[in-house]
Amino acid sequence: MGFIENFKTGVSSYIEGTKFIFKHKLWYYFIFPAILSLGIFMLGQYFVSLELDINEKLKANNPKNLNELIWLNIELVISDGFYVIFTKFTKYIVIIILSPLLAMLSEKMEEILTGNVYPFNFTQLVHDVRRGVKIALRNMFWEYFFLVVVLGLAAFFPKNEFKAVLIFSIPLIIGFYYYGFGFIDFINERRRLNIQQSTYFVRNHRGLAMSIGAVYSIVFMIPEVLRYFFPGAFSNTYVYMVFATIAVTIAPILAMAAATLSMQKVVGLENNEWAIKKKDVLEGKKDEEDKEEVKDTEASSTSSETEDTSENEEPPLTEEAE
């Protein structure tokens, strides 16, 4: 499949994934992202208010000595840092925190699609989470590395609309690739591909990665787009919070669903040699139950024969009978 075909596969899988989730009653996977989104929003608002409070103190020259001034500046740097993390890196934070949930959703969908099951293993779960964090941090680094490169190159252009479009669009497109990479890697991990092999696979399926990352990013951008076109309505913090919560709730779940369905089309997940077929597990359990039933029957039969034998035995003769 070429770039265009892969891109179409990823986009169409979002529609199919939405239907799949509700058809198979997997909607409860939306609950935890909703709680997470509220937490992220409240933390973001806290750091904004903290920064404003520190700025007001600095402007009012409230610091009574040099030591207090230094600590206020340290607090300002820390609050700015957390504000950047919870605004600029939100998409990666969501993937990192939700990685166990996203892995479970993808495994459940694969089980429904192919009958593949992956027995729970705590050690493997810890490994999956660590790998998810490592991939997210790696992708975050490369995305913002290219952002710095683009900003550096843009400095040589005169200030105009073309420069503004360049600064906005190129980092956005680069982000599409790395967000999609993160979701595809959940499936590649179950295929036992190491990070280098997974990177090679995604490079050969750039269209798929970019389509999954594009829709994921666009859903996140909906509150900002609405605030741009309807500034009056979205000046209300709570209105914005509602739409931001919806975006953070549905974006990662639908992206994971789309990635799983796309990979089923591209590689055929039923061919994963590391998976166990559900029917084999059920047949194994049935065999064990049959063996237990046979053992119980034999034990019961032996017990009955013993009782019958004891009943049919003649009692020993007593002296009177002699």
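List of remarks:
- Identity of the residue in region 240-284, β-branched (V, I, T) and surrounded by fewer than 16 Cβ atoms within 10 Å (Cβ to Cβ), that ends up farthest from the chain's Cα centre (by Cα): V281
- Filtering I173, I184 for residues that are part of a helix (DSSP H, G or I), in the same structural domain as W142 (by TED's automatic domain parsing) and surrounded by 21 or more Cβ atoms within 10 Å (Cβ to Cβ) leaves a single hit, I184.
- Residue check for I195: of a type outside the set (D, E) and surrounded by fewer than 16 Cβ atoms within 10 Å (Cβ to Cβ): yes
- Among the residues of region 125-184, just one is touching a helix residue (DSSP H, G or I) at 6+ places or on another chain (Cβ under 6 Å) and of a type in the set (S, T, N, Q), namely N139.
Rundown of residues vs (1) modelled with pLDDT of 65 or more; (2) on the phi > 0 side of the Ramachandran plot, yes/no style:
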residue	(1), (2)
L52	yes, no
N61	no, yes
I85	no, no
L98	yes, no
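- Per the listing N188, N204, N139, N194, the residue uniquely among the polar types (S, T, N, Q) and at pLDDT below 90 is N139.
- Restricting region 1-24 to residues that are closer than 22 Å to T245 by Cβ and not small (G, A, S), the residue that is surrounded by the fewest Cβ atoms within 10 Å (Cβ to Cβ) is F22.
- Any chance G182 is among the small types (G, A, S) and modelled with pLDDT of 95 or more: no
- Residue tally, condition within 24 Å of I212 (Cα to Cα) and either surrounded by fewer than 11 Cβ atoms within 10 Å (Cβ to Cβ) or more than 34 Å from the chain's Cα centre (by Cα) (or both), over region 149-167: 1
- Residue among L193, L137 that is in a helix (DSSP H, G or I) and either of a type in the set (A, V, I, L, M, F, W, C) or on the phi < 0 side of the Ramachandran plot (or both): L137
The values are calculated or read from the model by the stated rules, or taken from the named source; none is laboratory data. Values in this document were obtained by computation on a predicted structure and should not be read as measured data. Backbone-built Cβ (ideal geometry, glycine too); neighbour counts: all protein chains shown.
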